[in-house]
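The values are calculated or read from the model by the stated rules, or taken from the named source; none is laboratory data. Values in this document were obtained by computation on a predicted structure and should not be read as measured data. Reconstructed Cβ throughout: ideal geometry from the backbone, glycine too, with neighbour counts over all protein chains shown. We work out accessible area using only protein heavy atoms, side chains counted, and drop any ligands, DNA or RNA first. Shrake-Rupley method; radii C 1.70, N 1.55, O 1.52, S 1.80 Å.
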Number of protein chains: 2
Amino acid sequence: MKVTMKDIAREAGVSVATVSHVINDTKNITEVKKKKVLEIIDKYNYVPNSTAKNLRRKSTKTAALVVSSSTDSFVNEMIFGVEKKAREMGYSLLLVNTNEDAVYEEKTIKILHSKMVDGIILSPTSNDLDYLNKFTKSMPIVLVNRYNEVVKNAPRVTGDNYTIGFDATEHLIEHGHNNIGLIYSVPNVSTTEERIRGYKEALEKYNLTYKNNYLEIGYGTVDGGGKAAEELLKRHKEITALFILNDFMTVGVISKLRELSITIPDDIALIGFGDSPASAIIDPPVTNMILPPQEIGEKAFKLLLKKINKENDIENFELPASMVVRKSCGCQ
Amino acid sequence: MKVTMKDIAREAGVSVATVSHVINDTKNITEVKKKKVLEIIDKYNYVPNSTAKNLRRKSTKTAALVVSSSTDSFVNEMIFGVEKKAREMGYSLLLVNTNEDAVYEEKTIKILHSKMVDGIILSPTSNDLDYLNKFTKSMPIVLVNRYNEVVKNAPRVTGDNYTIGFDATEHLIEHGHNNIGLIYSVPNVSTTEERIRGYKEALEKYNLTYKNNYLEIGYGTVDGGGKAAEELLKRHKEITALFILNDFMTVGVISKLRELSITIPDDIALIGFGDSPASAIIDPPVTNMILPPQEIGEKAFKLLLKKINKENDIENFELPASMVVRKSCGCQ
DNA sequence: AGTTATAAGTTAAACGATTAACCAATAGGA
DNA sequence: TCCTATTGGTTAATCGTTTAACTTATAACT
């Protein structure tokens, strides 16, 4: 049988209110009684039932993090950024993975909405986020990494994906490439679209024409990346550079190019995304566009906390991108 | 104001009990009333408050996963194994990271014990787990990855770490190496100790003497790995092979060896642990000992569920290890 | 017709805390 | 001495569900 506050009260010869007050330090209690109560608490290793507390207090000190993709290292690091900040702030974190399933996402948010989490950090699956507006009124929500203009009342923290697309493309152009393929993980999400927008505008700047079929989907997986590269190079022999939007796919692409005896960067130059530590010792070392995932996660939680505490100025953050130059792009 | 069951009942002209019964399908209700109730529920987008439900039902349909280290890819994949199974089974998952802090771990378990979760999956920080026995009686707990014989009443699912140590060492010996260094992440945890035991026994089998100072700590980080390798090779010029227990450290080691112009595998052969996709395209491709992290996570959740449902046969699982041979060990 | 079973709802007591409102006893001030 | 504050503590309502026990009304059987 689990021991409750009532048991503690009985054994200490006081009321439950008194026990509650010594635990929460919410009223003066004489030293002698306080000591007695604490003794009994210690004796039974008693911890207040948080479900009951939550019900009464209408707060759970728990936040949810809903991510859409799973194991890639960028998301992984972002998760731990959120978790870290949550922990520091005395919050627990509920982790849900929607696997890019928009229907499941909506169901999840709805359930979470009643699960009495105090707030939700969401990295949404699709660009069709109107359903969210039903929830943002009554529940603190912040969008992370991906976003959509349609969502009201939810701040967001993202990376500067436009610059990622622009700088990577420009860099490849400066290396003399006029036909640059792009391999993305998932369509219809802001991260992909912003990067493509950057890619497009960089091409424009140099008077190169943007071609729709230079883009190929790679599903964020090693295999998907490899297949996308193969497909792209078969269809367009003129392509001499690849911009790859996720590090699993980069691994797949590199493996595939080796298999096809295509050398990097001489035959095909290459820029990836996300700085997994291995990038530096891959052959050749790969040039990456990077964003600070952990920082993004932490910032998102901070913003959520502000919303929870009703500091109601909606502010969005866009964290700066940068490039770490190695050999796969043709440098050195 | 959040709408409650009372509001639904009032508007539908029935009692709260009836509403509850239609929601949970726990009593016959006439079609007409049922329809009315469901209509109102839909109109307000009502979802029952789960905190209240939890309090009454004494179950939260939530499990906690407490991991000790954070971002390495093995743990990451294990996390998603647990999350996946939990999701499939209708459970939510609370994720806590103790950062190898034993004191924080104990505090966490104690708080979690307060009925916020139905069960706990723990990958513990240290080998000193006696404190756990206070909790295993009253809370379903399963150990994952790491374990300790002292813990009673908690099943475990681990990998066959002994074989990992043995096979890696034997393989290096067969390549002609007599002086093999070992770089581990953390001391005093079963994973490390079992692998060292395997390492030791492989040496014995070939009549090689085990030397304590061939072991070096690398803290599971890229930098730590690099420093450990440097230290080890400076101290013991005779070392010609390295067995590295975590993939971040492997990256650090390889970078450091390049820096020192030491070639792999000719000067130093090398076997790592954990199969991050990049392993295949690193220069040279690295030979790894592997374990199925996702499977370990899923199995752990299944076991937890059994415990939660009081199917009280404690069974432990040890998942088999294997080796994926590439060039860093000297093969090919 | 009389008895019993069943079906469809309702009432009200939990679940285990928190906390506003209340009360008695002591202290302080004039 | 009388009045008012303050201190230390208790009582009881409340959070939003679930569910056992109860109540009718209707159906079924002899």
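Quick notes on this one:
- Solvent-accessible surface of segment A:198-332, averaged per residue with a 1.4 angstrom probe and all protein chains in place: 45 square angstrom.
- Ordering A:I120, A:F80, A:M323 by Cα displacement along the dipole of chain A toward the positive end leaves A:I120 in first place; charges were set at the Cβ atoms of Lys, Arg (+1) and Asp, Glu (-1).
- Computed over chain B with a Gaussian network model linking Cα atoms closer than 10 Å, the most mobile of B:N97, B:N145, B:N288 is B:N97.
- Helix A:102-114 axis, angle to chain A major axis (alpha carbon atoms, nearest 10°): 20
- Chain A - mean residue ellipticity at 222 nm from DSSP helices (-39,500 (n - 2.57) per run, n ≥ 4, rounded to 500): -13500 deg cm²/dmol
- Our summary gives segment A:156-310 a relative contact order of 23 percent, counting only alpha carbon pairs under 8 angstrom and 6 or more residues apart.
- Remark: accessible area buried at the A-B interface is about 4500 Å², both chains counted, probe radius 1.4 Å.
- Chain B: most fluctuating residue of B:K137, B:K107, B:K27 per GNM, C-alpha cutoff 10 Å: B:K27
- Residue-averaged beta-carbon neighbours from other chains (10 angstrom radius) around A:247-253: 3
- Note on B:50-61: average number of Cβ atoms from other chains within 10 Å of each residue's Cβ is 5.
- When the Cα gyration tensor is reduced to axis lengths a ≥ b ≥ c, the ratio a/c is 1.5 or higher for the protein assembly as shown, and with a/b not above b/c it is classed as oblate.
- Accessible-area order (highest first, 1.4 angstrom probe) of the listed residues B:Y210, B:Y131: B:Y210, B:Y131
- Mean separation of Cα contacts under 8 Å, 6 or more apart, over the residue count of segment B:140-222: relative contact order %: 33
- Nearest-first distances (nm) between copies at B:D223, label 7 Å from Cα via Cβ: 3.9
- Prolate is the label for chain B, because a/c, from the alpha-carbon gyration tensor with a ≥ b ≥ c as root eigenvalues, is 1.5 or above and a/b exceeds b/c.
- Relative contact order (percent, whole number), chain B, Cα cutoff 8 Å, 6+ residue spacing: 17
- Residues listed by number, segment B:224-252, amide nitrogen under 19 Å from B:T209 label point at 7 Å toward C-beta: B:235-241
- Rolling a 1.4 Å probe over the protein heavy atoms gives segment B:1-104 an accessible area of 52 Å² per residue.
- Segment B:5-48 shape via C-alpha gyration tensor axes, a/c threshold 1.5: rounded
- Within a Gaussian network of chain A (alpha carbon springs, distance under 10 Å), most fluctuating of A:S123, A:S261, A:S20: A:S20
- Residues in segment B:188-221 that a label on B:E238 would reach, taking backbone N under 13 Å of a point 7 Å out along Cα→Cβ: B:208-214
- Degrees, to the nearest 10: B:31-44 long Cα axis against longest axis of chain B: 60
- Compared with the dominant Cα axis of chain A, that is its longest principal axis, helix A:73-88 is turned about 20°.
- The portion of the accessible surface of the protein assembly as shown made up by carbon and sulfur, rounded to a whole percent, is 49 (1.4 Å probe; DNA, RNA and ligands excluded).
- Taking the average, over residues, of other Cβ atoms within 10 Å as the packing measure, peptides B:200-209, A:229-238 rank A:229-238, B:200-209 from highest down.
- Taking amide H as placed 1.01 Å from N in the peptide plane, A:F317 has its amide H under 5 Å from the amide H of A:R156, A:V157, A:T158, each at least 5 places away in sequence or on another chain.
- Inter-copy label distances for B:S261: 3.3 nm (label point placed 7 Å from Cα along Cα→Cβ; shortest first).
- Linear extension gain, A:S322 paired with A:D25, 0.36 nm per residue minus alpha-carbon span: 102.0 nm
- Label 7 Å beyond Cα on the Cβ vector: B:R10 copy-to-copy distances, nm: 3.7
- Cross-link pairs beyond the 30 Å C-alpha cut-off, checked among A:K6/B:K134; A:K200/B:K256; A:K36/B:K110; A:K306/B:K34; A:K27/A:K310; B:K36/B:K84: A:K200/B:K256; A:K306/B:K34; B:K36/B:K84
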